[in-house]
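What follows is a single structure, written as structure tokens, with notes after it.
The values are calculated or read from the model by the stated rules, or taken from the named source; none is laboratory data. It should be emphasised that the depicted structure is a prediction, and the values quoted were computed from it without experimental measurement. Here the Cβ positions follow ideal geometry from the backbone for every residue, glycine too, while neighbour counts run over all protein chains shown. Ligands, DNA and RNA are stripped out before the accessible areas are found, and what is left, the full protein with its side chains, is counted by its heavy atoms. Shrake-Rupley method; radii C 1.70, N 1.55, O 1.52, S 1.80 Å.
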Amino acid sequence: MRVRKAVALGAALSLAALLSACSSDSGNGSGSSSGTLNWWTWDDKQAAAYQVCAKDFEKANPGVTVKITQYNVTDYFTKLTAGFVAGKAPDAFQNSVQFFPQYADQHQLLPLDDYIKKDGFDLSRFSVGVDSWKYTDGKQYGLPLDWAATGLYYNVDMLKKAGYTTKDVENLNWNPDNGGTIGKMIAHLTLDTNGRRGDQPGFDKAHIKTYGFGQLAAKDFLGQSTWSSFVSTTGWRLGNKANWPTELNYDDPRLVKTMDWIRTLVAKGYAPRIGTFTNTVSDVDLLSSGKIAMETGGSWSASTFAKIPNIKVGIGPTVLGPDGKTRAVFSNSNGNTIWAGTKNPDLAWKWVSYMGSEACQSKASATGTFFPSIPASMDASAKALEAQGVDLSVFTDMLKNKQLYPSPDFNNGAELQDAIEPMIEAYFGGQKDDSVFAEMQAKTKTILNKK
């Protein structure tokens, strides 16, 4: 008990010291140290989670109000662009690497280097994402706000009834030729409406009660929460360069074979065809309804999966690759950026730098709705969730075992997505064959090199 009190007291002192520093002058002295500071996010869960930091910040900075506004992701970037044009954008905002280059090119983002140097702000506190917010001009335009990865979510009861254990999930391997041990598991987990399994005689693939696996056949042009955790184990990476690629490796034989394997799963009735479920049906909905037994899903959904009523959901690591020992997980990090047109750059930096502190991230991430980029905060979040029955060790192990690799920054992300997703959709829909991947790669070369 004494140890717990000491830890709590230390955290309180650290928070007080940090907020005291936040309330002192910093930066170039422009703007006001009072008034309303507007911060935007597309994530309703982070909007709620960071309210606790906003209250602490306001208390330490009398006269300051932090207004947190959340817009649905489908409208968020349109509203942000409109704000840039009208001169009414938020002082600071959550940003995506997909739009970062465009905003930097348009000079809509404030470089943070001078603030970082003046305050001695140590970027090494972040475990992931720092380089994702450094532009081609060498300047740092954002601080990592969170990170995300992919795991295997499964219905524990369905797994047991099929004769499998949690240990079996932890050691699943995969290859694009026969699917490895996960290919066999997917077949056995699949049930038709007569109760026959996918690997049993008489199985009826036209009448499926439960698919063994979820929506791998999806128009996910990065494959983040679908196919990337499979193909990445072969050494394949999305870009021809780790950052700022000039083309994306869609025509690589390793990816083509992976996509062919996914189509085979669909053809056998083990996974749903693209379009089987509407876009409004989430991964959580599919698992909770019993329509699928297992799926890859984002780390951001871990606490939601764990709290599905009357269903126990297990979380397993992504598959081992063809060599039986390699895991490789695509990870991205959203960032916190400041609008270049803000009238309060110093205040915006105080807020953004506080959000990038262990004190704030540990408090906000206690909800378990996002993964903080600071290791100590991630540990605090994992402990808080463990007390609620949510085990995040699969994801913390990925971080500790260096199984994550970052999403590359690239130019013209929105245009790229608009061009590539219909081609992937056509491939999984049967309107295109393997030749589409060469078309996709050629298209990326054109778009990525466009000025």
Original post:
Helix 51-60: angle to the longest alpha-carbon principal axis of the chain, degrees 0 to 90, nearest 10?
Top reply: 10
**OP:** Provide the per-residue ³J(HN,Hα) series for region 194-209, in order, calculated from phi with Karplus coefficients 6.51, -1.76, 1.60 and θ = phi - 60°, each as a whole number of Hz, with x at glycine and proline positions.
**Re:** 9, x, 7, 8, x, 9, 10, x, x, 4, 10, 6, 7, 9, 9, 8
Subject >> Degrees between helix 375-386 axis and first principal axis of the chain (Cα, 0 to 90, nearest 10) >> reply: 60
Original post:
Per the helix-only calculation at 222 nm, which mean residue ellipticity applies to the chain, given -39500 (n - 2.57) for every DSSP H run of n ≥ 4 and division by its residues, nearest 500 deg cm²/dmol?
Top reply: -12000 deg cm²/dmol
**OP:** Please get the size of the charge dipole for the chain, origin at its Cα centre, with Cβ charges of +1 on Lys and Arg and -1 on Asp and Glu, quoted in debye to the nearest 20.
**Re:** 840
Original post:
Which percent of the accessible heavy-atom area of the chain goes to carbon and sulfur, probe 1.4 angstrom?
Top reply: 50
**OP:** List the residues whose amide H sits under 5 Å from the amide H of N334, counting only those 5 or more places along or on another chain, with H placed 1.01 Å from N in the peptide plane.
**Re:** L145, D146
**OP:** Write down the accessible area per residue of the chain in Å², having rolled a 1.4 Å probe over the full set of protein chains.
**Re:** 44
Original post:
Considering only Cα-Cα distances, which of the following residue pairs are longer than 19 Å: K139/K443; K184/K205; K134/K363; K161/K268?
Top reply: K139/K443; K134/K363; K161/K268
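Summing Lys, Arg as +1 and Asp, Glu as -1, what charge do residues with Cβ under 10 Å from the Cβ of S393 carry, S393 excluded?
-2
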Original post:
Tally Lys and Arg at +1 and Asp and Glu at -1 over the other residues with C-beta under 13 Å from the C-beta of S225: what net charge comes out?
Top reply: -2
**OP:** Can you check what the net charge comes to around Y250, using other residues whose Cβ is under 9 Å from the Cβ of Y250 (Lys, Arg +1; Asp, Glu -1)?
**Re:** -3
**OP:** Report, by chain and number, residues whose modeled amide H sits under 5 Å from the one on V64, excluding near sequence neighbours (fewer than 5 apart, same chain).
**Re:** G35
**OP:** Counting other Cβ atoms within 10 Å, keep those with at most 14, restrict to DSSP loop, and tell me which trypsin sites (Lys or Arg not before Pro) in region 157-237 are left.
**Re:** K205
**OP:** May I ask for the angle, rounded to the nearest 10°, between helix 180-189 and the longest principal axis of the chain, with both axes built from Cα atoms and the value confined to 0 to 90°?
**Re:** 80
Subject >> Karplus (6.51, -1.76, 1.60) ³J(HN,Hα), θ = phi - 60°, over region 255-269, in Hz, Gly and Pro reported as x >> reply: 6, 4, 5, 5, 5, 4, 4, 4, 5, 5, 4, 5, 4, 7, x
Original post:
What are the residues whose amide H is under 5 Å from the amide H of N38, where those residues sit 5 or more places off or on another chain and H is modelled from the backbone?
Top reply: K67, D91, A92
